[in-house]
Amino acid sequence: MPLRCNNCHLESRRQLQRIAEATLAKKKKRGGDSLRDQLRAAGLVTAKQARRAESASHRQEVRQKQGGEADVSKLEVQQAQAAKRAADRDRNAALNQAAQEKAISAQVRQLVTSNSQREQGDVAYNFTDGKRVKRIHISETNRQQLNKGHLAIVRLGDAYDLVPEPVARKIMERSEADVLYLADRSQDVVDEDDPYKDFPIPDDLDW
């Protein structure tokens, strides 16, 4: 007798399960009810359990959304920091370059002003500065020394000056573009007539 009751109970549960599945199928076709309503309608969960499940699902969605927003925000911060570091490097490099150019300009000016050999005269001497032909007036002695490579024409700001060949080579080590003319001559041959062959080359520049 108890076995028969158990069989009856099992059959009743199967019927309820079939009814629940049929109900869920109908609800799914309509597509209008939420999962919570479908579960409740099928008798698989209580109203309290359905609310708890929906609340947990909502919290998970919120956490996922916030996590995604946090990842985006973190990436934007990292990109901004990287851009700032790159800008700082470029600015520091530009400042260093400007400081170096200023120091070189000061060295060249000191070399020229301390060793100027230009003499005023009526002799016109032509040379090129870039693509332009320039002319300065010097003495006959200066002209001869320029032609022999004893003197060089150098730039001094917007003007021009003459310095001994050893000084010109010092300037070329710093700024080759500032030495505009230096006659080529063999470095292995010592010209005994060169008035600057023993010219001291300054090494104690101030800048």
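The values are calculated or read from the model by the stated rules, or taken from the named source; none is laboratory data. Computed from a predicted structure; not experimentally measured. Note: ideal-geometry Cβ built from the backbone for every residue, glycine included; neighbour counts use all protein chains shown.
Brief remarks on what is shown
- Taken residue by residue, segment 80-102 has at least one member that is in the same structural domain as Ile171 (by TED's automatic domain parsing), surrounded by 10 or more Cβ atoms within 10 Å (Cβ to Cβ), within 30 Å of Ile136 (Cα to Cα) and at pLDDT 90 or above.
- Filter result for the condition that a residue is surrounded by 11 or more Cβ atoms within 10 Å (Cβ to Cβ), hydroxyl-bearing (Ser, Thr, Tyr) and at pLDDT below 90, over Tyr196, Tyr181: Tyr196
- Failed item in (1) more than 13 Å from Leu180 (Cα to Cα); (2) without any contact (Cβ under 8 Å) to a residue 60 or more places away in the chain, with Ser105 passing the rest: (2)
- The residues listed here are Arg155, Arg174; of these, the one that is in contact (Cβ under 8 Å) with a residue 60 or more places away in the chain, surrounded by fewer than 20 Cβ atoms within 10 Å (Cβ to Cβ) and within 24 Å of Gln107 (Cβ to Cβ) is Arg174.
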